[in-house]
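As structure tokens, the structure follows; a few thoughts come after it.
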Amino acid sequence: MYLTGTYKHNLDAKQRITLPAPFRKEFGEKVCLIPIGGKILGFTPEGHQAWVESYFPNGYNPRSKKDERLRFLLNAKTMTLELDSAGRLALGKLGAEALTSCDIKREVAVVGNTDHFEIWDAEDYDDWTIIQRDMKIDGGLQPVREEDVLKARNKAARALQGMFRELGLPEITDAEVEAATYANGSNDMPERNV
């Protein structure tokens with residue numbers, strides 16, 4: 001299997017996408033989907049198994065709690081779906097939370113990535129590719145641990161809280177600092193009466 005190319009599609013009213021014809025040829029009836037890293041990865045069942053195994057370069061150790069938790073998480077987050085007769089995948093079966101976590105709205109980009117495909121929100125994908133072009137980088141964004149991100153966000157929110165206090169601006173409450181630390185966007189922030 002060798003998947004390449006980018007295809008833009010719209011979800012239909014039932015949150016289905018049509019898998020691009022070159023990709024459909026490579027898949028049987030089943031596709032394993034896993035929402036991870038702000039996108040949805042799509043594998044053949046065999047490809048998914050190999051992908052999970054790749055997380056254990058020294059082999060899976062069933063006596064290791066870390067190995068057990070990781071394998072469990074990767075498999076639990078994965079849903080195996082059947083392609084319908086029109087070659088469509090029902091992304092809605094992943095659940096609203098999964099689609100929201102990947103920022104999937106209506107228009108998506110289905111991108112071949114050698115042994116699997118990725119489904120991105122089309123706007124997010126366009127932003128990512130524009131950043132690569134304009135900043136002359138290769139898209140090699142470095143992953144960070146969630147606890148490090150939360151720590152940095154909390155530190156930044158506390159710095160703003162102190163700066164607002166110093167400048168005599170409307171107070172940023174501890175509840176707002178907490179909300180800013182965990183918010184996915186501005187809609188998750190409490191209303192401010194300023």
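The values are calculated or read from the model by the stated rules, or taken from the named source; none is laboratory data. Remember, it's a predicted structure, so these values are computed and weren't measured experimentally. Every residue, glycine as well, gets a Cβ built from its backbone with ideal geometry; the counts of neighbours run over all protein chains shown. All accessible areas refer to the heavy atoms of the entire protein, side chains included, with ligands and DNA or RNA removed. Shrake-Rupley method; radii C 1.70, N 1.55, O 1.52, S 1.80 Å.
A Cβ distance below 9 Å, combined with a sequence gap of six or more or placement on separate chains, defines the contacts here; from the range 126-155, residues that are at pLDDT 85 or above reach residues that are surrounded by fewer than 10 Cβ atoms within 10 Å (Cβ to Cβ) and not charged (D, E, K, R) in the pairs Ala152/Val144.
Entry remark, the range 37-70: residues being in a helix (DSSP H, G or I) and either of a type in the set (Gly, Ala, Ser) or under 24 Å from Met1 (Cα atoms) (or both) number 9 in total. Give the residue, chosen from Thr114, Thr173, that is at positive phi and at pLDDT 85 or above. On inspection, the qualifying residue turns out to be Thr114.
Test Gly38 against the stated conditions and say whether it is of a type outside the set (D, E, K, R) and within 17 Å of the chain's Cα centre (by Cα). Answer is yes for this residue.
Among residues of the range 83-102 that are open to solvent by less than 20 Å² (accessible area, probe 1.4 Å), none has a Cβ under 8 angstrom from a residue that is in a loop (DSSP other than H, G, I, E, B) and of a type in the set (Phe, Trp, Tyr) at a sequence gap of 6+ or on a separate chain.
Set side by side, the residues Ala90, Ala96, Ala109 differ, and just one is within 18 Å of the chain's Cα centre (by Cα), at pLDDT below 90 and among the aliphatic types (A, V, I, L, M), which is Ala96. Kindly provide the set of residues from the range 103-118 that are open to solvent by less than 50 Å² (accessible area, probe 1.4 Å) and assigned to a strand (DSSP E or B), ordered by number. Selection gives Val108, Ala109, Val110, Val111, Gly112, His116, Phe117, Glu118. State which residue is least open to solvent (accessible area, probe 1.4 Å) when the search covers only the range 5-23 and only residues that are farther than 16 Å from Tyr125 by Cα and either in contact with a Pro (Cβ under 9 Å, 6 or more places away or on another chain) or assigned to a strand (DSSP E or B) (or both). Selected residue: Ile17.
Being hydrophobic (A, V, I, L, M, F, W, C) and open to solvent by 60 Å² or more (accessible area, probe 1.4 Å) is the filter here; which residues of the range 49-82 pass it?
Result: Phe72, Leu73, Ala76, Met79.
Glu26 falls short on exactly one of the conditions (1) within 18 Å of the chain's Cα centre (by Cα); (2) under 19 Å from Val111 (Cα atoms), and that condition is (1). Out of all the residues in the range 164-184, which are of a type in the set (S, T, N, Q), within 21 Å of Glu146 (Cα to Cα) and outside any helix (DSSP H, G or I)? Residue satisfying the conditions is Asn184 alone. Scanning the range 24-42 for residues that are in contact with a Cys (Cβ under 6 Å, 6 or more places away or on another chain) and open to solvent by 80 Å² or more (accessible area, probe 1.4 Å) yields a count of 0.
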